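Read-outs: derived from the displayed coordinates by stated rules, not from any lab. All of these numbers come straight from a predicted model, not from anything done at the bench. Every residue, glycine as well, gets a Cβ built from its backbone with ideal geometry; the counts of neighbours run over all protein chains shown.
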């Protein structure tokens with residue numbers, strides 16, 4: 001099945017502690033059904049100092065489940081993603097506006 005959400009898409013969080021926050025997808029893990037979104041689901045990781053890095057409490061973006069994310073359309077609202085054929089190409093489109101993504 002084709003991916004409804006891809007790297008580079010702007011999404012909004014539907015549920016959880018970061019509900020309502022928006023960000024860009026930086027990584028998708030289809031096997032785990034998760035994605036890493038910029039500025040969402042941040043955890044503090046304690047790292048040891050080394051010659052290359054300072055160390056201390058480093059904020060890290062953690063994966064969030066794909067079911068908790070929705071794509072943003074051109075109006076800035078959450079939308080579902082559909083697929084249709086345009087000529088000989090399969091394209092994604094926003095269900096709210098009908099625009100190709």
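Data overview
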| read-out | value |
| --- | --- |
| Segments 54-62, 24-32 sorted - mean Cβ within 10 Å per residue, highest first | 24-32, 54-62 |
| Cα-projected label distance for residue 21 with residue 75, points at 7 Å along beta-carbon direction, nm | 2.7 nm |
| Relative contact order (%) - criterion: Cα under 8 Å, at least six apart; region: the chain | 21 percent |
| Label assignment, Rg and Dmax of the Cα atoms in Å derived from the structure, set (1) 13.3, 44; (2) 18.7, 57; (3) 16.5, 56 | (3) |
| Efficiency of FRET between residue 46 and residue 84 - r from beta-carbon atoms, R0 41 angstrom, step 0.05 | 0.30 |
| Footprinting exposure proxy for 88, 9 (fewest neighbouring C-beta atoms within 10 Å first) | 88, 9 |
